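A.B. asks: Quick one: the structure is below, questions incoming.
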Ligand SMILES: Nc1ncnc2c1ncn2[C@@H]1O[C@H](COP(=O)(O)OP(=O)(O)O)[C@@H](O)[C@H]1O
Ligand SMILES: [Mg+2]
């Protein structure tokens, strides 16, 4: 096991800068998820850690040693590819033992290791098969097994579940987490799926356009997104955003004045000036439907979307679409008006021009800060 | 689990010498170096040496030759009727052969792309001409065109194509057909193999989707098969054009450029100049011109393809 | 009822014409070879009198017996096998390395090398003979099989490289990256993982190069002067000059010479298409 340090790492392809100075410290045994939209540079960063891509500048260290100039084979890391990259001409057992054979591990040790791992992953009956004769889920397991047998210093995963169907993906998510508990190995996991990030990570690294936007625990990222990008990317259904201006009232209260003149009260935000252009952000579950007009803003119902457990109510407010999450089973007619209220303590205020969050002067508790 | 494998701990000490980046730059050249050395030593250097002959007076049997003659050879070329005739014949020979090799090769590939009884056997048999040495096939075809020992003139007479059996290789108007037919026979397999491979790589779902959409077989051919084959066709046609234009073996064996220079192509004319007249300087000048023409052809094909793909997107 | 009747008639017409065309191709491909065979078994005295008969009234193995026992042919044959076999193997190895680099690396020199490979194909080989002779002679590589192998390899490398590259392009890069993480260097990964996966492609390339080298006449004729280093096409030619064109014997030698090439070709032709498909040329 080992920690991984990335210091001011940059990557460019010719004139195109793909990563702009990445700093990240990954502790021993941590499960880190790199998340971001496709093309933001997650894979590139992961491949730089693996040694498959050169580092344009900066340093990457594994277990305290700078590995910039080490070949992938000398870094003692294992990687699970999106395509699985199983060797088609080798059996499952040969696939899993390949790395150990190269390391000249004793035969008995190899077969012990393989039967152990096959047991854990439920591959025992498939050991003699070729990858061609396996289902997608089984191939995925073999790819995992091939990484695990080696007991490497760190595991790298590049979207390992994206070729699986929804149910299998959910199941593997849990299994990978369980495996991590069991092995405790440092892991860097790349995905574009924020649900995977939320459910699996010890810490999430949210990336956009080759820049780290925020690093934090899933709850932290969810509750205190650093900026509009993170706020909109994490969470499904996505956070609602309304542009307006910040207003400080006489009684030390604060609010966001929307374009239609309505005022949404919020907690006082740090460094926010009166009349500053801000964006109000509120998650669908932090907006409630209220019965009396005094406490709510009028909104027009556009669509009611039942989701089983809950219901999603689509409305328009100040001309903008808003989604509301409710555990009730509402049946408002389309085009009717309802009243909605924002949970003041959970509403976020973002500076519209910098898109950064302006945290409240007194941050309410949510999970633990580390 | 906490044991760290030996390799993982080596890092820093191993760094001496090459940096990873530098070796990354050198690496591709290590892979290409054997090919590069061979091509430079056996092709590029001789090519340059050969081109230099074009500016010198090199006649093998003349001990006083060897001097620098500037562009004299090229000036002579412009008014050399035999050369100009050979240029026209080269176009005729190249595109005549190519058109039939390609057309018939494509048809054969389409036929072989269907599953049918004995397909493997048929495939093995129709590809055989490719394995026959050109020299031998040239002789054999010349033999078959000869009315004394070959059946072809007699067949053509019975079909009414000839009044009486005669050797087309000795008729200046028809002689070129002899080597062209031999070349078609020899070249069909190459096109069939490449086209068949490209055909087999077209995803079957495309055809299924198209037939659900109601496309007829012909529409499928035009909207799926041809666009998919297009890149392979373009590259293969270009490479083959260059190759056939330079391919004199069949002509030298079957007609030797005759009768009356009617089958003389540039490549066989070069052969004649070099090995019959032993005038290497003049032969090199002709070769240089051929090189330039082929280069211009290749560049224009490439430019055309660029323009077409840009227009598409 | 009528509908199925119609479609089955249509089907019959379709398959009928399909087989008819196939038959036409097979006949076109095989008839010249048949004629070769026919001439080779026709006794000399009726070679011309029965020249246009589909099968001679008498047949003989004399021509074959002569070629096998009284001529240098077995020697030429052996030389050809050595030259073509070695050329095929060496060319495929060199082309595999180059094709792999073309497929996997983006490097500055690539365009230049590709241009070099194309341009050298545009110069008539005839004109390279004298310069090549000049270069090989001081190295003692003229009049030797080794020299011939070197020249053939150089000539075949460009096409073989493009062929091999298309095979490598068809194999996902992830595979050798996985192997490099598993503990291979890139070259080891290439050898242990990628090359075995391109075996059909390797077979196809071997086949193309072997047949090309097997039939080459010009260089075999010009670079080699001694009988002991002559290949079989040169030997064939010797029937024209030395034995005052003995067609029967020459055709017999030709038929014999076809055997190894055909055998080799039949052996690999299955991979030929399969291999090319695996590395299908992509737009
Ligand atoms: N070899 C390359 N040459 C040029 N640009 C590249 C190359 N590889 C990746 N890129 C670019 O780098 C960016 C990041 O790619 P990647 O790391 O694969 O994104 P992600 O994995 O987050 O989807 C993309 O915009 C991609 O186009
Ligand atoms: Mg990616």
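A short reminder: the numbers here are calculations on the coordinates, not readings from a lab. Because the structure is predicted, anything quoted here is derived from the model rather than measured. Note: ideal-geometry Cβ built from the backbone for every residue, glycine included; neighbour counts use all protein chains shown.
A.B. asks: In nm, to one decimal, how far is the modelled label at residue A:328 from the one at residue A:54, with both set 7 Å along Cα→Cβ?
C.D. replies: Calculated label separation equals 6.3 nm.
A.B. asks: Now, a different point. When only Cα pairs under 8 Å and 6 or more residues apart are kept, what is the percent relative contact order across chain A?
C.D. replies: The value is 15 percent.
A.B. asks: Here is a follow-up. Any idea how far apart residue A:111 and residue A:273 come out in nm if each label point goes 7 Å out from Cα toward Cβ?
C.D. replies: Modelled inter-label distance: 7.7 nm.
A.B. asks: If I stretch the segment between residue C:31 and residue C:54 completely, what's the gain in nm (0.36 nm per residue apart, minus their alpha carbon distance), one decimal?
C.D. replies: In short, 7.2 nm is gained.
A.B. asks: Suppose the Debye formula is applied to equal point scatterers at every Cα of the range C:71-273; what is log10 I(q)/I(0) at q = 0.08, 0.13, 0.15 Å⁻¹?
C.D. replies: Computed log10 I(q)/I(0) values: -0.33, -0.79, -0.98.
A.B. asks: Under 10 Å, Cα contacts only: if you run a Gaussian network model on chain A, which one of A:80, A:313, A:92 comes out with the highest mean-square fluctuation?
C.D. replies: A:313
A.B. asks: Angle, helix A:166-183 long axis vs. longest principal axis of chain A, Cα atoms, 0 to 90°, nearest 10?
C.D. replies: Helix A:166-183 sits at roughly 60 degrees to that axis.
A.B. asks: Using only Cα atoms, tell me the angle between helix A:107-121 and the longest principal axis of chain A; keep it within 0 to 90° and round to the nearest 10.
C.D. replies: Once rounded, the angle reads 30 degrees.
A.B. asks: Continuing with this model, one more query. Which FRET efficiency, nearest 0.05, do residue A:252 and residue A:290 yield, Cβ-Cβ r, R0 35 Å?
C.D. replies: After rounding, the FRET efficiency stands at 0.90.
A.B. asks: If I fit a long axis through the Cα atoms of helix A:136-148 and take the longest principal axis of the Cα atoms of chain A, what angle between them do I get, 0 to 90°, rounded to 10?
C.D. replies: Computed tilt is about 70 degrees.
A.B. asks: Let me have the 222 nm mean residue ellipticity of the protein assembly as shown computed from DSSP H runs of 4+ only, each contributing -39500 (n - 2.57), with the sum over all residues rounded to the nearest 500.
C.D. replies: Calculated from helices alone, the mean residue ellipticity at 222 nm is -16000 deg cm²/dmol.
A.B. asks: Arrange the following residues from fewest to most other Cβ atoms within 10 Å of their Cβ: C:54, A:198.
C.D. replies: C:54, A:198
A.B. asks: Something else: At what distance in nm do the modelled label points of residue C:62 and residue B:74 sit from each other, each positioned 7 Å from its Cα along Cα→Cβ?
C.D. replies: About 5.9 nm separates the two model spin labels.
A.B. asks: What is chain C's relative contact order, in percent, from Cα pairs under 8 angstrom and six or more apart in sequence?
C.D. replies: 30 percent
A.B. asks: Oh, and also: Compute a Gaussian network model of chain C, connecting alpha carbons closer than 10 Å, and tell me which residue from C:134, C:11, C:110 fluctuates the most.
C.D. replies: Maximum fluctuation in the GNM of chain C, among the listed residues, is at C:11.
A.B. asks: I need the calculated FRET efficiency for the pair residue C:11 and residue B:308, taking r as the beta carbon distance and R₀ as 41 Å, to the nearest 0.05. List each step's numbers first, then the result.
C.D. replies: On the way: r = 38 Å, r/R0 = 0.93.
With R0 = 41 Å, the Cβ-Cβ based efficiency is 0.60.
A.B. asks: Now for a separate question. If you wrap a convex hull around the alpha carbons of the protein assembly as shown, what volume per residue comes out, as a whole number of Å³?
C.D. replies: 260 Å³
A.B. asks: Rounded to the nearest 0.05, what FRET efficiency do residue A:128 and residue B:115 give with R0 = 35 Å and r taken as the Cβ-Cβ distance? Could you check?
C.D. replies: FRET efficiency, residue A:128 to residue B:115: 0.65.
A.B. asks: I'd like the distance between the alpha-carbon centres of the range A:41-56 and the range A:119-137, rounded to an integer number of Å.
C.D. replies: 30 Å
A.B. asks: Turning to a different aspect of this structure: Using a Gaussian network model of chain C whose springs link C-alpha atoms within less than 10 Å, name the residue from C:71, C:238, C:57 with the highest mean-square fluctuation.
C.D. replies: C:57
A.B. asks: I would also like to ask the following. Just how far, in whole angstrom, is the range B:88-142 from the range A:152-203 if you go by their alpha carbon centroids?
C.D. replies: The distance from the Cα centre of the range A:152-203 to that of the range B:88-142 comes to 55 Å.
A.B. asks: If you don't mind, another one. Over the range A:239-370, calculate the relative contact order: mean separation of alpha carbon pairs under 8 Å at least 6 apart, over the residue count, as a percent.
C.D. replies: Reported as a whole number, the value is 27 percent.
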